[in-house]
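FYI, it's all coordinate maths here, none of it is from the lab. The model shown is predicted, which means the values in this text are computed figures rather than measured ones. Every residue, glycine as well, gets a Cβ built from its backbone with ideal geometry; the counts of neighbours run over all protein chains shown.
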Amino acid sequence: MGALMNAQVQAWMPAILALFGSLIVVVLAAWINTRMLSAQIEAVHSEIGALRAEMRQGFAELELRLTKQIMELDHRIERLEEQRGLIRTP
């Protein structure tokens, strides 16, 4: 009985070893792919953060320019009103 069981184990051993070997390769490849994907996601997050900062700076500069132009227009209007003798009502 022991010899028969030993022969069956020997017959199935290559298939079992191949299965475990394939499983190790698949798990290792999945782990490596996950690490690479995580690194790419972090790079995209960093790029998004940089773009957000750049966008905020652009909006701040735009707001500053618009405020300056509105103040200049207000000053021009005041000068024109003074020249023409107009009175401004608040």
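See the values below:
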item	result
Value at 222 nm in deg cm²/dmol, rounded to 500, when DSSP H runs of n ≥ 4 in the chain each add -39,500 (n - 2.57)	-35500 deg cm²/dmol
Phi-based couplings in Hz for segment 33-39 (Karplus 6.51, -1.76, 1.60; Gly and Pro marked x)	5, 5, 4, 5, 5, 4, 5
FRET E, pair V9, A30, Förster distance 35 Å, beta-carbon r, rounded to 0.05	0.70
In Å, descending, principal axis extents of the Cα set of the chain	121, 19, 10
